[in-house]
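Here's the structure, in structure tokens; my notes come after.
The values are calculated or read from the model by the stated rules, or taken from the named source; none is laboratory data. Quick caveat: nothing in here was measured; it's all calculated off a predicted structure. Note that each Cβ is placed from the backbone with ideal geometry, even for glycine, and that neighbours are counted across all protein chains shown.
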Amino acid sequence: MKKDIILSGVGGQGILSIATVIGHAALAEGLQLKQAEVHGMSQRGGDVQSHLRISSREIRSDLIPRGGADLIVSLEPMEALRYLPWLAAEGWVVTGTTPVVNIPNYPDEADLKRELQALPHVILLDAEALAREAGSPRSANMALLGATAPLLGIEAGQLEAGIRAIFARKGEAVVEANLAAFRAGYQTAQKQTER
Amino acid sequence: MPKRELLLGDEALALGALHAGLSGVFAYPGTPSTEITEYIQGHPLAAERGVHRTWSTNEKTAMEEALGMSFVGKRAMVCMKHVGLNVAADAFVNSAMTGAHGGLVVVVADDPSMHSSQNEQDSRFYGQFALIPVLEPASQQEAYDMARAAFDLSERYRIPVLMRLTTRMAHSRAVVEVAAPRDPNPLSYPEQPRQWVLMPGNSRLRYKALIDDYARLENEAVRSPFNRYTEGSDRRLGIIACGIARNYLMENYPEGCPYPVLEIAQYPLPKESVRRLAAECQELLIIEEGQPLVEQAVRGVLPVPLKIRGRLTGELPRTGELTPDSVRAALGLAPHRAHAASEIVVPRPPALCQGCGHRDMYTALTEVVREFPDGKVFSDIGCYTLGWLAPFHAIDTCVDMGASITMAIGAAHAGQHPAIAVIGDSTFTHSGMTGLLDAVNEGADITVVISDNLTTGMTGGQDSAGTGRLEQICAGIGVDPAHIRVVVPLPKNREEMKQILREEIAYKGVSVIIPRRECIQTAKRHAAAKNK
């Protein structure tokens, strides 16, 4: 088993929580993992990414080679496209569709959507809306994780255990809200992948 | 079953040091080294053992404090980013001359590709220059293990040991198996007290001993388990892979590398191992993260009997961090099939947070500077360096910690007016205070803005050394209290701020303006903690 995942977004969106949950679940499954993060200057509203590698074998490089990512998981549509050179030919892109427009020359949204839909394997979801409907507007990242779950090769139950573990100290209500967002994302992805 | 923990490279090193019997960590925050000290600050064992773990004012004070702890026999660690070693260089280079007594490990995190830095200097050169051994881990486990090995080497040779990390190693997470913690050292004093007094007569003797020790340390490096020599069946090529480059090499040969490989993770350069590889192979490829230190040494200046490839010959890029892909190309392997880059994606540079006090300061400052035909703003290292970007375009220089005030002084002496310095509170206490003393003594006509957010913001909100005392410090240095002006940087106070700036620019002499409002990131955290 081997999954190389690029997580991307804009500084402050919470991609590292997604990585933490996947990491928790991967360790529980006895897998190895390496996760390269971006700290420092870029976290101030710039583009951020994390290379997350999980495998049943030893992992050497902290960075995923170009053309090597099984998945790009992004909280922001332009940020999903930024890492296309890392995506494997048959890799999947799972991305939130709500743009973060904090630069003056942000591309046309319709162009972004067109380019994303032209990819061979893509799941688009309005992660913010799903999280809101699940009663947890701040859990868009967990809705996105839910949408990624069917592609990870890790049991959804194991990921839910990861969510419980990392949010436990914030109380049961926060755990449940994040689980609800996760499940909403999961169902959306299942519908899209069945088509 | 051994205990396993998921740790950043920085954290693995920190835990390794704690378990090696650390008595104190001394550091000034700097990406990508900050998390080492933060991890120790948060660790229960450090609290239980009373390990010293508060931030120092700058890297030089940190280095000297650690040297003092080593002098009395306890294990000390200093952590900094690569450019921090420039600040600590006087103490660092001379610590090789005094030697260490209790284990002394200097951790320096380099930043190739300059993710959060102004250059990509390679700290291994400092080790070579000072005659200090260097260890460089390539995995989180190695970072943990090497911390103890570094303390042991330091105590065996009575010499400080430099541990070099790079950004990827520092900020990447993996599972680490941890060992049982060892007790800290008791207090004791050096057996060779004379070399701790670096008067010329003592230094001349010590320098010869240090050079002899360095030769013995080279033999250590040849025998080191961290410098592995792996035979290969195909001897047309031999590979020297240093530090994290070892990972990128093996990433491209998941079933094993066909060529002989010398991995280097401990310096001085194990020359005997290099000669062995060169004798076995027809060509050499040297892969190292950072500047071509090994490549230059192996290549030399005289003709060599075999072809050497690396960063200096263009097979690998001359600048920037290595990647699995750049190493793949140097190995002559075909690139992986990949998607084309999107043509509509645009850069998304970082920016000052919405609601940040630096924003209000820059809005007022840029409006006032525009009232002059040639106003120049000398700035410094911190979040406020982002004031160079749109929409502010507020600053003209950013060089090194503290250079805002001193460059403004030099420019003012040349006739520049207004000469304005913009510096953060933490950078001011790090390296700005001495410059301000120059300004006072020289009667320089400068206006200093200390943009005070009550924290070390860019690195994530660590304590700032002068919090609550900036006015006293400036007055103590000799700035006329009438020209130390404090203002709250909020949109509603913009006109007040502009008026103060105009008045102090008009004043012929040193003035200090302190716009003070808490960093909104730390303010959010404080509010959340309060609501709990």
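Here is how the numbers come out for the structure above:
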item: Subset tally (residues that are in contact (Cβ under 8 Å) with a residue 40 or more places away in the chain, outside any loop (DSSP other than H, G, I, E, B) and surrounded by fewer than 24 Cβ atoms within 10 Å (Cβ to Cβ)) for the stretch B:242-262; result: 1
item: Residue match in the stretch B:357-375 (condition: free of Cβ contacts under 8 Å to residues at least 24 places away in the same chain and away from chain A (no Cβ under 14 Å)); result: yes
item: Qualifying residues in the stretch B:352-405 (those that are of a type in the set (Ser, Thr, Tyr) and assigned to a helix (DSSP H, G or I)) - the one surrounded by the most Cβ atoms within 10 Å (Cβ to Cβ); result: B:404
item: Residue check for residue B:272: of a type in the set (Asp, Glu) and outside any helix (DSSP H, G or I); result: no
item: One residue from B:464, B:511, B:431 being under 17 Å from residue B:368 (Cβ atoms) and touching a helix residue (DSSP H, G or I) at 6+ places or on another chain (Cβ under 9 Å); result: B:511
item: Of all residues making up the stretch B:326-356, the number that are of a type in the set (Gly, Ala, Ser) and more than 8 Å from chain A (Cβ to nearest Cβ); result: 6
item: Options A:67, A:9, A:30: the member that is part of a loop (DSSP other than H, G, I, E, B) and more than 8 Å from every other protein chain (Cβ to nearest Cβ); result: A:30
item: Count of the stretch B:8-30 residues which are surrounded by fewer than 24 Cβ atoms within 10 Å (Cβ to Cβ) and within 14 Å of chain A (Cβ to nearest Cβ); result: 0
item: The stretch B:311-325, residues that are surrounded by fewer than 19 Cβ atoms within 10 Å (Cβ to Cβ), polar (S, T, N, Q) and either in contact (Cβ under 8 Å) with a residue 12 or more places away in the chain or within 13 Å of chain A (Cβ to nearest Cβ) (or both); result: B:319
item: Candidate set: the stretch B:59-74, residues that are among the charged types (D, E, K, R) and either more than 21 Å from the chain's Cα centre (by Cα) or surrounded by fewer than 24 Cβ atoms within 10 Å (Cβ to Cβ) (or both); chosen: the one nearest to residue B:21 (Cα to Cα); result: B:74
item: Which numbered condition residue B:458 misses (of (1) modelled with pLDDT under 95; (2) not in a loop (DSSP other than H, G, I, E, B)); result: (2)
item: Options A:171, A:135: the member that is surrounded by fewer than 16 Cβ atoms within 10 Å (Cβ to Cβ), away from chain B (no Cβ under 14 Å) and on the phi > 0 side of the Ramachandran plot; result: A:135
item: Number of positions in the stretch B:88-143 that are within 14 Å of another protein chain (Cβ to nearest Cβ) and out of contact with any Lys or Arg (no Cβ under 9 Å at 6 or more places or on another chain); result: 7
item: Checking residue A:153 against (1) touching a helix residue (DSSP H, G or I) at 6+ places or on another chain (Cβ under 7 Å); (2) more than 14 Å from chain B (Cβ to nearest Cβ), the condition it does not meet; result: (1)
item: Residue identified as in contact (Cβ under 8 Å) with a residue 12 or more places away in the chain and buried (at least 24 other Cβ atoms within 10 Å of the Cβ) among A:70, A:47, A:62; result: A:62
item: Search result, residues across the stretch B:166-180 that are more than 9 Å from chain A (Cβ to nearest Cβ), more than 11 Å from residue B:143 (Cβ to Cβ) and crowded, with 24+ Cβ neighbours inside 10 Å; result: B:166
item: Filtered residue count, the stretch A:84-105, keeping only those that are of a type outside the set (Gly, Ala, Ser) and at the interface with another protein chain (Cβ under 9 Å from one of its Cβ atoms); result: 9
item: Qualifying residue in the stretch B:485-495 (condition: surrounded by 15 or more Cβ atoms within 10 Å (Cβ to Cβ) and without any contact (Cβ under 8 Å) to a residue 40 or more places away in the chain); result: yes
item: Condition broken by residue B:448, with the remaining ones in (1) within 25 Å of residue B:28 (Cα to Cα); (2) in a loop (DSSP other than H, G, I, E, B); (3) among the hydrophobic types (A, V, I, L, M, F, W, C) satisfied; result: (2)
item: From the options B:287, B:308, B:239, residue that is more than 14 Å from every other protein chain (Cβ to nearest Cβ), closer than 22 Å to residue B:134 by Cα and not in a helix (DSSP H, G or I); result: B:239
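For (1) crowded, with 20+ Cβ neighbours inside 10 Å; (2) within 10 Å of the chain's Cα centre (by Cα); (3) over 30 Å from residue A:103 (Cα atoms), each residue gets a yes or a no:
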position: A:1; (1), (2), (3): no, no, yes
position: A:4; (1), (2), (3): yes, no, no
position: A:8; (1), (2), (3): yes, yes, no
position: A:17; (1), (2), (3): no, yes, no
position: A:23; (1), (2), (3): yes, no, yes
position: A:28; (1), (2), (3): no, no, yes
position: A:31; (1), (2), (3): yes, no, yes
position: A:37; (1), (2), (3): yes, no, no
position: A:43; (1), (2), (3): yes, no, no
